[in-house]
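Remarks on the structure that follows.
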Amino acid sequence: MTREHVFPKWLSEIGLSRQAVSFSVGPLNRLGRHFGLAPAFSHTVRDVCESCNGGWMSSLEAVASRVLAPFILGESGSVQSSDQKAIVMWALKTAHVSMLVSSDEERKAGYGLPASEYRILYQSSIRDEIVPTSQLWIGRYEGTDHDLAVWVTPLVAHVDGLASLDFPQAYVFTIIIGPLMFHGVRFTTPTLNLDLETSSNLAKIWPTGEPITWPIGTSLDDEAFNGFVKGGDLIVGEPNVALRPWPRATELPASVASGSIVSLPTICGKHNVFYPGILVSEAMRGRFYAFATACECPENYIVITAPDGAHFRYSGRAEHISEIYVSIEGREVALSDGSGVFVCKEL
């Protein structure tokens, strides 16, 4: 087994800054994980055999570095038809590798892609084919919160008049490297394989046969990020059919109120964090807040309140969460009720 970079090593050789950048992978399951600030392109996984790493994976990186480097540096250009197969497989490979940052224990709990997806990726590569029932778009990212990010969200199909199955039929993935963004879908139930488009008019690389010009379509910003990476931008061509995030992977158990304290289950699935019931009363009056907290793992979080409840917005190391909390716009307030004084930011 050899080490494989989540984001390829050649990124450090094209003139990008080597300063520490934020890095995030997710959401399988739920929010995902923010690794905070770390040296750029330094994250690796030790789950790739030497023959794959130096063989078909290396061949994909050679094409990707030639085609994508100008885009990552902010230069316009195109993806020629002859390169599209390699670029699609590179994007799929990068999404798969990113999910290997989880531990064996986390994978058993559902974080990551099933082993069958890695077998299909490998079999497609040695046949020089694209992973079947896959679709891929290219776009531009103009936010600041996700310098390097890979997010994979399992999806379920909802058909009017039919009960939804309790396992995912597809997954959507988003890869961001600087201004370059890939957005793709792989249907794990082959008979589904719906024809999809995006509401932001991203350029479709696969399946297609025409050269693709970049940048094209509406740019993704931080405000739209959370909905986008969960498939919110996808348009299904079939009437009465919708793709939605798989609840078991993306939704937490409901909060529970005990007296004046609300208990909120955390993303790790083992612990709870707590906040005062006054935040619920404030939300009912249309006033919403953000606060920093931590569970026993310890994992640190930013939680925001909204009309439909409290939601985890960020997770990561304490220093990273502290930086995010400071950067949130809004005045800091101290709310008090029977449980004591609670410091948070008014949104």
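Below is a table of values for the structure above.
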| item | result |
| --- | --- |
| Residue match in segment 284-299 (condition: over 30 Å from residue 161 (Cα atoms), in contact with a Leu (Cβ under 7 Å, 6 or more places away or on another chain) and not in a loop (DSSP other than H, G, I, E, B)) | yes |
| Hits in segment 310-329 - residues which are at pLDDT 80 or above, in a strand (DSSP E or B) and among the small types (Gly, Ala, Ser) | 310 |
| Count of residues meeting criterion [among the hydrophobic types (A, V, I, L, M, F, W, C) and in contact (Cβ under 8 Å) with a residue 60 or more places away in the chain] in segment 217-250 | 9 |
| Residue in segment 215-235 that is farther than 30 Å from residue 67 by Cα, of a type in the set (Asp, Glu) and either surrounded by 16 or more Cβ atoms within 10 Å (Cβ to Cβ) or under 18 Å from the mean Cα position of the chain (by Cα) (or both) present | no |
| Within segment 178-202, tally of residues that are assigned to a strand (DSSP E or B) and either open to solvent by 30 Å² or more (accessible area, probe 1.4 Å) or polar (S, T, N, Q) (or both) | 2 |
| Leading residue by the ranking (surrounded by the fewest Cβ atoms within 10 Å (Cβ to Cβ)) among those in segment 95-124 that are modelled with pLDDT of 95 or more and within 27 Å of residue 198 (Cβ to Cβ) | 124 |
| Of residues in segment 203-240 being β-branched (Val, Ile, Thr) and part of a loop (DSSP other than H, G, I, E, B), the one farthest from residue 89 (Cα to Cα) | 218 |
| In segment 253-290, residue most open to solvent (accessible area, probe 1.4 Å) [restricted to those that are within 14 Å of residue 315 (Cβ to Cβ) and touching a residue at least 40 places away in the same chain (Cβ under 8 Å)] | 269 |
| Residue 298 farther than 17 Å from residue 337 by Cα and exposed (fewer than 13 other Cβ atoms within 10 Å of the Cβ) | yes |
| Candidate set from segment 126-156 (those that are modelled with pLDDT under 95 and polar (S, T, N, Q)); member that is farthest from residue 219 (Cα to Cα) | 153 |
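The values are calculated or read from the model by the stated rules, or taken from the named source; none is laboratory data. What you see is a predicted model, and the numbers here were worked out from it, not measured in a lab. Cβ coordinates were reconstructed from backbone atoms using ideal geometry, including for glycine residues, and neighbour counts include every protein chain displayed. These area figures cover heavy atoms from the full protein model, side chains too; ligands, DNA and RNA do not enter into them. Shrake-Rupley method; radii C 1.70, N 1.55, O 1.52, S 1.80 Å.
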